[in-house]
Structure formats: structure tokens, C-alpha cells
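Worksheet: one structure, shown below.
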Amino acid sequence: MRESFVLVSQTRLFMIVLDAGPNDHTIAQIKDAVRDGLRSVKNTIEDEAVVLGAGAFEVAARQHLVNNVKKTVQGRAQLGVEAFADALLVVPKTLAENSGLDTQDVIIALTGEHDRGNIVGLNHHTGEPIDPNMEGIFDNYSVKRQIINSGYVHPLMPVIASQLLLVDEVIRAGRNMRKPS
């Protein structure tokens, strides 16, 4: 059983969250979730900016790189721009895969909408493109900036980001291995 209490003062900016759980592991997960949520709010306040979520930012960035930036470089640099642009699609592909959707169909639909001038993300329930702004789906600017900057620093960063996004697959596989035969 999990109990949560949130106390908010009307006169001061503070909040106390008390969480209880059946075991130490659950309590640690709750603490991590609260800490991550508060860090996300902190980043948003400090950045004074957000980017569209649901994979919209990554698809738009990819389209910009392929349609504009690639034309400004010559030779092998074009391959590098294209490889980095394609690596950005790991986010919408992972969203689609984790939602049980066909990744190729999703990417075709999203890039097609972007080519028509619509900035859209993925509705993970239906697989259809949505306007993340209208749905209130946003990501932290600082997180996206760090991912992009890291991609330029080390060529394996897109691979590492992909692996981090797929960590739930590892957890699911671990659970399946524990099932009795």
C-alpha cells in the first residue's frame, strides 16, 4: 500500500511529500519519481523554455538537418549530418515501439506531416500524429540541449541514448526470466 500526503502552504513556497510503501525498493522508486519530477520543474523554471514533446522535436530537428543543413556541407560531412539526423529518430521510434505500433508507419506519418509544415508528435494510443502543443505535451529544453550537445562530443551518444530509452525492455526481460518454468 502506498500513501502520499502533499502539504502546500498558502503563504510560503514549500511542499512536503511523505511517501510510504510496502518495501524499501518501492520507497526508493517513489523518491526517484518525486525527485525527477521536481528536477523537471526546476529545469523548466530555470530555462524559461520547453520544447514540443511526443517526438515532435526530434522529427522537426531531423527534417531541418536533412532538408537544410545537409545542403550546406560537402562530401562525407553530408553522411555525418544524415547519420546524426537519423539518430534523432530513436525517440519517436522508441515511443512507437513501446506503444505496440509499427515504427516505420509512425515515422512515415510524422515526417510526412512535417514535410507539409505541421509540427506533430505521436499519439501513443492511436499511432496518429497529434499537435503536442494542443495536448500539453512538452519536454525540458535543457535535456534536449544536452542530448544534442552530447551527440557532437561523442559519436556513441545516440547509441547510448537509444539504450537508455530501451531500458524498460531489459526490465521486462528480467521479469520474464524470473517466471517459473
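Filtering the range 58-74 to residues that are touching a residue at least 12 places away in the same chain (Cβ under 8 Å) and farther than 18 Å from GLN146 by Cα leaves GLN63, VAL66, VAL69, LYS70.
Evaluated against (1) surrounded by fewer than 17 Cβ atoms within 10 Å (Cβ to Cβ); (2) at pLDDT below 90; (3) in a helix (DSSP H, G or I), ASN133 falls short on exactly one condition, (2). Would you confirm whether or not the range 16-30 contains a residue that is loosely packed, with under 13 Cβ neighbours inside 10 Å, at pLDDT below 90 and among the charged types (D, E, K, R)? The answer is yes, given that some residue of the range 16-30 is loosely packed, with under 13 Cβ neighbours inside 10 Å, at pLDDT below 90 and among the charged types (D, E, K, R). Can you find even one residue in the range 83-103 that is over 30 Å from ILE130 (Cβ atoms) and either of a type in the set (Ser, Thr, Tyr) or touching a residue at least 60 places away in the same chain (Cβ under 8 Å) (or both)? Scanning the range 83-103 turns up no residue that is over 30 Å from ILE130 (Cβ atoms) and either of a type in the set (Ser, Thr, Tyr) or touching a residue at least 60 places away in the same chain (Cβ under 8 Å) (or both). Does the range 75-90 contain at least one residue that is buried (at least 16 other Cβ atoms within 10 Å of the Cβ), more than 20 Å from ASN149 (Cα to Cα), at pLDDT 90 or above and under 16 Å from the mean Cα position of the chain (by Cα)? Looking for residues that are buried (at least 16 other Cβ atoms within 10 Å of the Cβ), more than 20 Å from ASN149 (Cα to Cα), at pLDDT 90 or above and under 16 Å from the mean Cα position of the chain (by Cα), one finds none in the range 75-90, hence no.
Being of a type in the set (S, T, N, Q), within 12 Å of ALA54 (Cα to Cα) and surrounded by 15 or more Cβ atoms within 10 Å (Cβ to Cβ) is a condition met by at least one residue of the range 113-130. Being surrounded by fewer than 17 Cβ atoms within 10 Å (Cβ to Cβ) and touching a Leu at 6+ places or on another chain (Cβ under 8 Å): is that true of GLU58 here? No. Filtered by the rule that a residue be outside any loop (DSSP other than H, G, I, E, B) and touching a Pro at 6+ places or on another chain (Cβ under 8 Å), the range 17-61 gives LEU52, ALA56, GLU58, VAL59.
The values are calculated or read from the model by the stated rules, or taken from the named source; none is laboratory data. Quick caveat: nothing in here was measured; it's all calculated off a predicted structure. In this analysis, Cβ positions are derived from the backbone assuming ideal geometry, glycine residues included, and neighbour counts consider all displayed protein chains.
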